[in-house]
Ligand code: FAD
Ligand code: FES
Ligand code: MG
């Protein structure tokens, strides 16, 4: 059992969990993820390891509540335990001294971009970070990103904080300014990553994206996470989750992310009904 030893609300829909998982904490590297189940009969969901503490034996997960399992996790408290936690999974980010890199994180993905930016900084790179959210209330970890970046640009879609822009606007400006950029990491919703890759392609800067495709086993066995990169079938769980964004078949990624939309909606409706019922019975 994997005990939740810390929990914090980062935004109204984003929670941070510190989970006791010493074997995973010992091995975790930037870019890797775990697959968890909240209870014995629960579905398996992948979550990026946003941080780890080898001494304390804990890992940090930052979870945006978008559906039944993430909402269910949101009701768990410190002292509760996850039924299973498998990892670290996936290939770690390729951290080297490249020169100047740009790290882009959108929405909940400010969490997954953080360990990558930190590792790139420790490797001696100049790190320019861009983070974005729909509005001020959905932003978090600005200070953490600031601490590992040489420059940080914060954007909101509605201009309620930082610059009123999508993350692609400052990305394009930096590239157009002519400064040498050696590599870009872009993590966030698939549509954001697609547009970051489209933005950087004319400049020929290798752009790494983190494909958040639907995963089940996380070990290359089930095929659920199938993507196409450079015309070849790849499994995001074992061959990725990081890939060259200029080579990704984005139409396929977007289509496959939504294949269970109807079932996901039904699961949320059922969950919300159960929660209401529980609330009424308790009253
Ligand atoms: P649902 O209503 O079931 O699904 C909502 C949407 O989430 C779906 O439309 C689908 O696009 C996606 N999704 C659903 N089931 C899965 C699944 N089994 N695997 C992948 N995507 C799914 N989210 C975070 O908040 N924080 C993270 O650090 C994080 N890291 C991720 C790392 C990887 C490698 C991947 C592939 C995804 C990551 N996600 C992360 C996304 C997260 O797994 C989904 O939001 C979660 O599974 C949704 O479950 P749900 O039941 O709450 O929502
Ligand atoms: Fe099953 Fe990748 S999640 S093959
Ligand atoms: Mg689900």
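Throughout, read-outs are computed from the coordinates displayed, never taken from laboratory work. Given the structure is predicted, the values throughout are model-derived calculations rather than measurements. Neighbour counts run over all protein chains shown; Cβ positions are idealised from the backbone, glycine included.
List of remarks:
- The set of residues in the stretch 197-238 that are surrounded by fewer than 19 Cβ atoms within 10 Å (Cβ to Cβ), closer than 29 Å to residue 100 by Cα and under 18 Å from the mean Cα position of the chain (by Cα) contains only 238.
- Residue count, the stretch 2-45 (criterion: without any contact (Cβ under 8 Å) to a residue 60 or more places away in the chain and assigned to a loop (DSSP other than H, G, I, E, B)): 6
- Filtered residues of the stretch 247-283 (kept if within 13 Å of residue 228 (Cβ to Cβ), under 19 Å from the mean Cα position of the chain (by Cα) and either within 16 Å of ligand 2 (Cβ to nearest atom) or crowded, with 16+ Cβ neighbours inside 10 Å (or both)): 248, 250, 253, 256
- Looking only at the stretch 236-268, and only at residues there that are within 16 Å of ligand 3 (Cβ to nearest atom), part of a helix (DSSP H, G or I) and in contact (Cβ under 8 Å) with a residue 24 or more places away in the chain, the one that is nearest to residue 32 (Cα to Cα): 257
- When the residues of the stretch 116-145 are filtered to those that are within 23 Å of residue 189 (Cβ to Cβ) and loosely packed, with under 15 Cβ neighbours inside 10 Å, the one that is nearest to the chain's Cα centre (by Cα) is 134.
- Residue in the stretch 188-203 that is within 25 Å of residue 36 (Cβ to Cβ), within 16 Å of ligand 2 (Cβ to nearest atom) and part of a loop (DSSP other than H, G, I, E, B) present: no
- Selected residue [closer than 14 Å to residue 10 by Cβ and not in a helix (DSSP H, G or I)] from 153, 131: 131
- Residues (assigned to a loop (DSSP other than H, G, I, E, B) and within 18 Å of residue 7 (Cα to Cα)) located in the stretch 46-65: 49, 50, 56, 57, 65
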